[in-house]
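The values are calculated or read from the model by the stated rules, or taken from the named source; none is laboratory data. Everything numeric in this text was worked out from a predicted model, so none of it was measured. Every residue, glycine among them, receives a Cβ derived from its backbone with ideal geometry; neighbour counts consider all protein chains shown. Accessible surface areas use protein heavy atoms only, side chains included; no ligands, DNA or RNA. Shrake-Rupley method; radii C 1.70, N 1.55, O 1.52, S 1.80 Å.
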Amino acid sequence: MAQILIVEDEPGIASFITKGLRAAGHQATAVATGHEALAHASTDGYDLMVLDIGLPDVDGFEVLRRVRGQGSVMPVIILTARSSVDDTVAGLEGGADDYVPKPFRFEELLARIRLRLRTEPSGEHTTVLAHGTLSLDLHTRRASVEGREVELSAREFALLETFLRHPGQVLSREQLLSRVWGYDFDPGSNVVDVYVRYLRRKVGAERVSTVRGMGYRLAGG
């Protein structure tokens, strides 16, 4: 379990990340300003910081500069709507360890966090997820069913990754929406049902079961 500081001034996004991290077993504290971020970071009680650039008082780049100026080696993942190459370079050269553009899906952010925290056994992060004869290589972005490679779209890949991280667990449509489509999802959308149908056609209908009134789960092997 890690102590993670979230610096984000949009309440909806801050809540989305906080709830997701706590569900993943971490302790998360959210603050909305650069000054609060600097005050919390100076306590040296955090294992990682998720830092938004567009803060209302002190620019996120300046927060990063000051944190590094204090000698902190805490991993920092920049989270921002700015996606230009210049901003990316500025963040990384300023001492950030990673850069996640908005909009994002929670599983991607969590994977980046796990990588920086090195929480996997022997200090390595998982690159292949498998359940029975179904496998997904996160590094090469390839999926296989009974040894046969199948082509998946980006959303299909993300949906299958989510199922493989929670084998046998019933996942509601709302959970799948937030994990695969991100914090700005439309709770009334039927996009989950549509993509589950797509996924079933490619990996086998029997592998993704419908749990009436609750959601879907990865079944069998």
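Numbers at a glance
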item	result
Per residue solvent-accessible surface (Å²) - region 1-111, probe of 1.4 Å	43 Å²
Residue-level accessible surface for Leu177, protein heavy atoms, 1.4 Å, Å²	0 Å²
Helix axis angle, 11-23 relative to the chain longest principal axis, alpha carbon, degrees	60 degrees
20 °C / 1.002 mPa s Stokes-Einstein diffusion coefficient of the chain, Kirkwood radius on C-alpha pairs, µm²/s	115 µm²/s
On Cα atoms only, tilt of 191-203 relative to the major axis of the chain in degrees	60 degrees
Gained length - Met1 relative to Ala23, 0.36 nm times residue gap less alpha-carbon distance	6.8 nm
Tilt relative to the chain, helix 106-117 - C-alpha long axis, 0 to 90 degrees, to 10	60 degrees
His40 paired with Arg201, simple spin-label distance in nm, labels 7 Å along Cα-to-beta-carbon	4.4 nm
Leu117/Asp193 FRET efficiency (R0 35 Å; Cβ-Cβ; nearest 0.05)	0.55
Å² of accessible area per residue within region 137-198, as computed with a 1.4 Å probe and no ligands counted	51 Å²
Carbon plus sulfur fraction of accessible area for the chain, probe 1.4 Å, in percent	48 percent
For region 150-211, the spread of Cα positions along each principal axis, largest first, Å	29, 23, 19
